[in-house]
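Heads up, the thing below is written out as structure tokens.
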Amino acid sequence: MSVQTIIDHLRKLIELHDSLVHVSKQKTEILKEGNMDHLQELLKNEQKHVQAINQIEQKRLEAVHQWAETNQLDPTTITVSTIIEEHTSGADQKDLEEVTLTLAEQLMELRRQEDLNKQLTQQSLQFVQLSLDMMQPSIKNMNYGKTKKQPDTSAPKRSVFDSKA
């Protein structure tokens, strides 16, 4: 098995991650608008992308495993990085290194975009919580004045029954 199969899987991952970054940017705009219906649709679309990425990633892992077995190496210790550094040369090494770096850049961009979306979501939740708190005052604020009736110390204390009668 050649390294080209691994490279092909990595290229597919790059395409899927590029599409996922686009979806993430759309999510940012929808979060800014506050349109929950579109957000629900977009999250379904995002889930489909994630499932496709997981399937291709699984195929990539299998390809690395098969490549290691074909080259009589331990499949549990072989990674794409070790293939680049120790087991390839020439055009294969250059192509594999290039797609790996491109995928890493895609992942970093996706992480930055999702961090922004996380912050926007947290701010939206804080705003909603603040709005709810303002609309529903707490029980403490419902009573005006003293919370407990204080006994008047200046008046003499009398029993309910007067025993001197």
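Every residue, every condition in (1) under 28 Å from the mean Cα position of the chain (by Cα); (2) without any contact (Cβ under 8 Å) to a residue 40 or more places away in the chain; (3) closer than 14 Å to residue 3 by Cα; (4) not in a loop (DSSP other than H, G, I, E, B), yes or no:
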{"residue": "69", "(1), (2), (3), (4)": "no, yes, yes, yes"}
{"residue": "77", "(1), (2), (3), (4)": "no, yes, no, no"}
{"residue": "83", "(1), (2), (3), (4)": "no, no, yes, yes"}
{"residue": "94", "(1), (2), (3), (4)": "no, yes, yes, yes"}
{"residue": "99", "(1), (2), (3), (4)": "yes, no, yes, yes"}
{"residue": "105", "(1), (2), (3), (4)": "yes, yes, no, yes"}
Residue 92 vs. criteria crowded, with 16+ Cβ neighbours inside 10 Å, charged (D, E, K, R) and at pLDDT below 90: yes
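Residues are listed down the side, and each one gets a yes or a no for (1) within 30 Å of residue 127 (Cα to Cα); (2) acidic (Asp, Glu); (3) in contact with a strand residue (DSSP E or B) (Cβ under 6 Å, 6 or more places away or on another chain):
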site	(1), (2), (3)
3	no, no, no
17	no, no, no
41	yes, yes, no
44	yes, no, no
91	no, no, no
111	yes, no, no
Determine whether the stretch 111-129 contains at least one residue that is among the hydrophobic types (A, V, I, L, M, F, W, C), within 30 Å of residue 65 (Cα to Cα), surrounded by 11 or more Cβ atoms within 10 Å (Cβ to Cβ) and at pLDDT 85 or above. no
The one condition residue 29 fails out of (1) modelled with pLDDT under 95; (2) part of a helix (DSSP H, G or I); (3) closer than 21 Å to residue 101 by Cα is (3)
Suppose the filter is without any contact (Cβ under 8 Å) to a residue 40 or more places away in the chain and part of a helix (DSSP H, G or I); does residue 44 pass it? yes
Quick check: is even one residue across the stretch 2-23 within 20 Å of residue 107 (Cβ to Cβ) and small (Gly, Ala, Ser)? yes
Any residue at all in the stretch 40-61 that's closer than 30 Å to residue 128 by Cβ, of a type in the set (A, V, I, L, M) and buried (at least 17 other Cβ atoms within 10 Å of the Cβ)? yes
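The values are calculated or read from the model by the stated rules, or taken from the named source; none is laboratory data. As the structure is a prediction and not an experimental result, all values here were calculated from the model. Neighbour counts are summed over all protein chains in view; Cβ atoms, including those assigned to glycine, are modelled from backbone coordinates with ideal geometry.
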